[in-house]
Amino acid sequence: MRWGEGARALIAAVCTEFAEFAEFTVDGQVGDGPLDWDGYAAARARATERTGETESVVCGRASIGPTAAVVVAFDFRFLGGSVGTATGDRIVRAFDEARRADLPLVSFLATGGSRMQEGMLSLRQLQRITRAAAGVRRVSVLGDPTTGGLWASLGAGADVVIAVAGAQVGFAGSRVRPVADDPAYTAEGQFAAGHVDEVCAPEDVAEAVAQWLLLLAAQPGATAEVPYALGESTPATDGWPAVRRARDPRRPRAQAYLDDYFTTRRHISGDRAGGVDPGMLCGIGLHARGPVAFAAQAGTATTPAGFRTATRLIRLANRVDIPVLTIVDTPGAANDPAAERAGAGQAIAELFAAVAASRVPVTTLVIGEGGSGGALALCAPDNTWITPDAYFSVIAPELGAAILKRPADEAPATAAQLRLRPQDLVELGVLRGIAGLRRW
């Protein structure tokens, strides 16, 4: 799939069917526009001659893979893909159509931002578009370039953000930013900073969009099923062996559970605030009953970015009405100075609140270490389960012994007193039950 050939080439490369909204095939602008900008009409005429389009976006109803959607595709050749009042009219109409038909909307961006020849009337289209987008499931694809207000509204505001490899992406365009050439203004730089979910080669974009639409549009089940246990079949007989078993590097981790649970899945990445935690795996996958959103700890100390990414995932699941599965496996929240500066306490509090306020059901499985509040923040209050080779504790036994001013060699005895084994936790009423092995 080649990029940069115009809106219709993009549509042809991604969509199996497309029907343009008929009333948008003519130009709604008259003369030199609302500001009477000398030469504006001539510039539009030249853009139409070059592209065959009457505006910088083409909008219509499409099929992408097996899923119906509404598509908004930008043509950078038309005045740099800029947005004026007529462009805003088209995009708002596209969102209205998506809402009316209960369809997701995919935007393919290639834009330099607002159209100067229409002044503030152009800029305020960002407000119109954002208001029109409320409640619509959205995927944005960031082409080269995606800069200015459209990145900061239609692009970054989507539920899932895909960037084309090598694309220039940033709020500041190349002619107005203080540094001419910096990785921060690229698709890869935005991904590293947690602002983009995926970076795809051009030839992979169609498949990525089709899979995301399938996940966002599928009929969800009522509640996520509890995954089967993949490790030990019976719990440890004492507290310290339970801790050692959970810390065993050979124990199945989150990736193994996600592979076993989902037939297909895609990941979101980043907290949208400059942070990425590779130890927090979040996304949406297809399970037997339908789509399930997941947030899974991968066995490391969870950073504030990880907690915020999980919060973002749960809020996304609530917007698109998909049940959530959380997988707990962490020694605890990161407690280094960087984590404190990044707002560890606030990030954990936001996740607690997101789980508590979730309208969609949340199912939790503890598969390894359940380390204090950093683990509990992901847990469903009334639907948390545990595998036989896991434990859950108010604090790690070694740290508990230290707080109680006990010698280090009393950590095993402290583990027994904490009653952190799976069977202890079920007996205490903290957890609902112990996950079973698959019965073939």
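Values quoted throughout were computed directly from the atomic coordinates according to the rules given, and no laboratory measurement underlies them. The shown structure was predicted, so the numbers you read here are calculated from the model rather than taken from an experiment. Because the Cβ atoms are built from the backbone with ideal geometry, glycine has one as well, and the counts that use them run over all protein chains shown.
Points to keep in mind about this one:
- Remark: pairs (first residue in the range 11-23, in a loop (DSSP other than H, G, I, E, B); second residue crowded, with 16+ Cβ neighbours inside 10 Å; Cβ separation under 6 Å; 6+ apart in sequence or on different chains) = C15/A62; C15/I64; T16/S63; F21/C59; F21/G60.
- Taking the criterion of being surrounded by fewer than 20 Cβ atoms within 10 Å (Cβ to Cβ) and in contact with a helix residue (DSSP H, G or I) (Cβ under 9 Å, 6 or more places away or on another chain), the residues of the range 115-131 that qualify are M116, L121, L123, R124, Q127, R128, T130, R131.
- Within the range 153-178, the residues that satisfy the criterion of being among the hydrophobic types (A, V, I, L, M, F, W, C) and more than 16 Å from the chain's Cα centre (by Cα) are V164, A165, A167, V169, F171, A172, V176.
- Selected residue (only one of V328, V320 is closer than 22 Å to I162 by Cβ and of a type outside the set (F, W, Y)): V320
- The requirement of being in contact with a helix residue (DSSP H, G or I) (Cβ under 8 Å, 6 or more places away or on another chain), outside any helix (DSSP H, G or I) and either free of Cβ contacts under 8 Å to residues at least 24 places away in the same chain or not aromatic (F, W, Y) (or both) is fulfilled nowhere in the range 306-320; no residue meets it.
- Lone qualifier among V243, V226, V209 - being assigned to a loop (DSSP other than H, G, I, E, B) and either in contact with a Ser or Thr (Cβ under 6 Å, 6 or more places away or on another chain) or surrounded by 18 or more Cβ atoms within 10 Å (Cβ to Cβ) (or both): V226
Conditions (1) of a type in the set (D, E); (2) under 17 Å from V205 (Cβ atoms); (3) free of Cβ contacts under 8 Å to residues at least 60 places away in the same chain, marked per residue:
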{"residue": "I91", "(1), (2), (3)": "no, no, no"}
{"residue": "R99", "(1), (2), (3)": "no, no, yes"}
{"residue": "L105", "(1), (2), (3)": "no, yes, yes"}
{"residue": "L126", "(1), (2), (3)": "no, no, yes"}
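- Any chance T111 is buried (at least 24 other Cβ atoms within 10 Å of the Cβ), of a type in the set (S, T, N, Q) and touching a residue at least 40 places away in the same chain (Cβ under 8 Å): yes
- Filter pass, G343 being touching a residue at least 12 places away in the same chain (Cβ under 8 Å) and either closer than 18 Å to A246 by Cβ or acidic (D, E) (or both): no
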